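See below for the structure under consideration.
The values are calculated or read from the model by the stated rules, or taken from the named source; none is laboratory data. The structure displayed is predicted, hence computed values, not measured ones. Positions of Cβ are generated from backbone atoms using ideal geometry, with glycine treated the same way; all protein chains shown enter the neighbour counts.
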Amino acid sequence: MATTFAMPVPVRTTGARTGRSRLGWALAAGWAAQVVLRLWLYRYHAGPVANPDETGYLLAARWLAGGPGANLSGSTFYQAGYALPLIPIFWLTADPVLAYRLVVVVGSVVAASAYPLAYLLLRRMGVGGRAALVLAFVAGASPALLLFSGLALADAILPVLVLAWLVAVHDLVVRGSARAGLAAGAVAGFATAVHLRGAVVLVVCVLVVAAGAAFLRTPRRAALAALAGAGVTAAAGQALNGTLAAALYPGGARDLSGLLVSRLTSLEGQAWALSGAAGQLWYLIAGTWGLAGVGLAGAAVTLVRRAAPRAHRVLAGTLLVTTLGIAYASSAALPDEHRVGNYAYGRYLACVAVAWLLAGLVALVRSGRLAVVRLALAAAGLLAVTGGVAAWYAGDRLERYVFIAFDFPEMIFLSGTRDSLDMAAASLSALALLACLAGAALLTAGRSWLLVAGVLGLVHLAFVAYQAPVAPAASGQDWLPAPPHGRVAVDGRVKWNVWVPLSYRVWWTEVERFDGAPPQGVCTAVVPPGAVPPVGWTSTGEGGSRQGWTTWRGSHCP
């Protein structure tokens, strides 16, 4: 009797491996293209432009790397979470210009990682593979992911953290694995060390885990892993922040808790907080060309539809509560700085903007024609209501208060007005773009994702062209002091916009602060213009009233 051995032919396995390989190469190529785009956009960036925020993060990274610190007492506390990936930069170089250029590289690499994460999120929302690749790529070029990736700001990594967290939350609900729970909790806990907005993410994460354990039968092991991951990372982050605060804020950081309490406990404060939140939501919708409004409307529909997949309902509720919580809390804690950005601002919700843009895309490409029309009309209504509330509360302060162009890049692109906020023009332009996107979804039933992606890609290409860098003019006299090596001290009367960036520019020592006579042993003193040097000091004649400073040189220094 003969024995026959049948060898299985792994045709399907090989095909699956080939598919995964192609997918990996596609994601890698898309990620590389996103990095190159950002490096091109920010190739002329050589130093902080958003002070004191950028300088605060850079000083934190430099001190954590073992370099000189600074005294930022009384300033906003810039947390250590974002500074952590920047530490190796200051191990490699002490030159502030080269270090900043490397910060741009790190920010570009991290922000570009939103592309593969957006792909994973779209796949989990039921979008096909090819459509998810294309839609995620064009979404990766959205303003919320481009504008901050070339700056030393926590906003460069917060959108990526939110996307990673949403993917982990989805997997926790669907699979109930301890690994997904640990990932969701760890990302939420780390977000608290990056920015105060992370506290909202952490609270929502805990609520989702608790609700899952109580009502969705999330396995106890997965829930405990999520809580443990959140607790450990949040505790570690707070310990690191405490160490940083003691070193760089010895006199204490700016405390807004009293203002927050007064806002939450008074009718006037509630009006400020709610109108400011409405202004942020208006900016979120307009700054995503109406897609965030479609996503918000689609999330509301998903929440009330019992037929919707459970994971989709959880994600919709999670993102919605997180967004509203950030908008309300950040507005309530925001002091009145007499600037237009107090009433309509996009930076605080930029961390969720790409997630809502993706939600809007999913709603457009997966809905029927009638549903697309309804969602677009709902988005237009949300834009009108939130913008109307913000404009009504602000009144003529939108014209009287200071307009800072850095706060409104998308609105300037939409309205064409560079020196003021034209909410009506920006809203109409956003609605026109939304009409184009909705029309693309209506025209090509079954393949609508391709045309929608094409329209969105053209809009983002136009925005990139608007943001295209211009070669800087030939350098003239620097507006900051350029002290030689030695100890440097700044008079307490010199304004913060001089001594804060100078603290980063002076890389060899900590810039000291003084009142009265310069401390003994200091070689360069930065003082107000017109100040008379005491005995033993000589005015260098640099600076002036326009720069807001002049320098003295100690005769005891070489």
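Some points to look at:
- Here THR444 fits the description: polar (S, T, N, Q) and touching a Leu at 6+ places or on another chain (Cβ under 6 Å).
- Counted residues, the range 348-366 - those being assigned to a loop (DSSP other than H, G, I, E, B) and touching a Gly at 6+ places or on another chain (Cβ under 8 Å): 0
Condition check ((1) assigned to a loop (DSSP other than H, G, I, E, B); (2) at pLDDT below 95; (3) surrounded by 22 or more Cβ atoms within 10 Å (Cβ to Cβ)) across all residues:
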residue: LEU281; (1), (2), (3): no, no, yes
residue: GLY293; (1), (2), (3): no, no, yes
residue: LEU296; (1), (2), (3): no, no, yes
residue: ALA299; (1), (2), (3): no, no, yes
residue: ALA311; (1), (2), (3): no, yes, no
residue: PRO335; (1), (2), (3): yes, yes, no
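- Residue under evaluation ALA132, criteria (1) aliphatic (A, V, I, L, M); (2) in a helix (DSSP H, G or I); (3) surrounded by fewer than 19 Cβ atoms within 10 Å (Cβ to Cβ), criterion not met: (3)
- Members of the range 267-279 that are in contact with a Phe, Trp or Tyr (Cβ under 9 Å, 6 or more places away or on another chain) and either outside any helix (DSSP H, G or I) or small (Gly, Ala, Ser) (or both): ALA271, ALA273, SER275, GLY276, ALA277, ALA278, GLY279
- Boolean, ALA425 is in contact with a helix residue (DSSP H, G or I) (Cβ under 7 Å, 6 or more places away or on another chain) and either assigned to a helix (DSSP H, G or I) or surrounded by 17 or more Cβ atoms within 10 Å (Cβ to Cβ) (or both): yes
For (1) without any contact (Cβ under 8 Å) to a residue 24 or more places away in the chain; (2) in a helix (DSSP H, G or I); (3) not basic (Lys, Arg), each residue gets a yes or a no:
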{"residue": "PRO484", "(1), (2), (3)": "no, no, yes"}
{"residue": "VAL494", "(1), (2), (3)": "no, no, yes"}
{"residue": "LEU502", "(1), (2), (3)": "no, yes, yes"}
{"residue": "VAL532", "(1), (2), (3)": "yes, no, yes"}
{"residue": "PRO558", "(1), (2), (3)": "yes, no, yes"}
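- Residue match in the range 212-219 (condition: touching a residue at least 60 places away in the same chain (Cβ under 8 Å), not in a helix (DSSP H, G or I) and not assigned by TED's automatic domain parsing to the domain that holds MET411): yes
- Qualifying residues in the range 428-470 (those that are of a type in the set (Val, Ile, Thr) and surrounded by 13 or more Cβ atoms within 10 Å (Cβ to Cβ)) - the one farthest from TYR42 (Cα to Cα): THR444
- Number of the condition not met by PRO483 [criteria: (1) modelled with pLDDT under 95; (2) surrounded by fewer than 20 Cβ atoms within 10 Å (Cβ to Cβ)]: (2)
- Only one entry of ARG305, ARG339, ARG347 meets the criterion of being of a type in the set (Lys, Arg) and buried (at least 16 other Cβ atoms within 10 Å of the Cβ), and that entry is ARG347.
- Note on the range 113-127: among residues that are of a type in the set (A, V, I, L, M) and touching a residue at least 60 places away in the same chain (Cβ under 8 Å), the one that is surrounded by the fewest Cβ atoms within 10 Å (Cβ to Cβ) is MET125.
- Among the residues of the range 43-70, the ones that are of a type in the set (Phe, Trp, Tyr) and surrounded by fewer than 20 Cβ atoms within 10 Å (Cβ to Cβ) come to 1 in all.
- Filtered residues of the range 379-402 (kept if assigned to a helix (DSSP H, G or I) and surrounded by fewer than 18 Cβ atoms within 10 Å (Cβ to Cβ)): GLY381, ALA384, VAL385, GLY388, TRP392, TYR393, ARG397, GLU399, ARG400
- The set of residues from the range 81-112 being of a type in the set (Gly, Ala, Ser) and crowded, with 19+ Cβ neighbours inside 10 Å comprises GLY81, ALA83, ALA99, GLY107, SER108, ALA111, ALA112.
- Among (1) part of a helix (DSSP H, G or I); (2) over 30 Å from ALA332 (Cβ atoms) - the single one VAL162 does not satisfy: (2)
- Test result for ALA405, crowded, with 19+ Cβ neighbours inside 10 Å and either in the same structural domain as TYR283 (by TED's automatic domain parsing) or over 24 Å from the mean Cα position of the chain (by Cα) (or both): no
- Test result for ALA226, outside the structural domain of ALA327 (by TED's automatic domain parsing) and surrounded by fewer than 17 Cβ atoms within 10 Å (Cβ to Cβ): no
- Applying the condition of being more than 24 Å from ALA46 (Cα to Cα) and either assigned by TED's automatic domain parsing to the domain that holds ALA247 or within 36 Å of the chain's Cα centre (by Cα) (or both) to the range 504-543 and asking which residue is surrounded by the most Cβ atoms within 10 Å (Cβ to Cβ) yields VAL527.
- Test: ALA236 is out of contact with any Phe, Trp or Tyr (no Cβ under 7 Å at 6 or more places or on another chain), over 29 Å from LEU383 (Cβ atoms) and surrounded by 17 or more Cβ atoms within 10 Å (Cβ to Cβ): no
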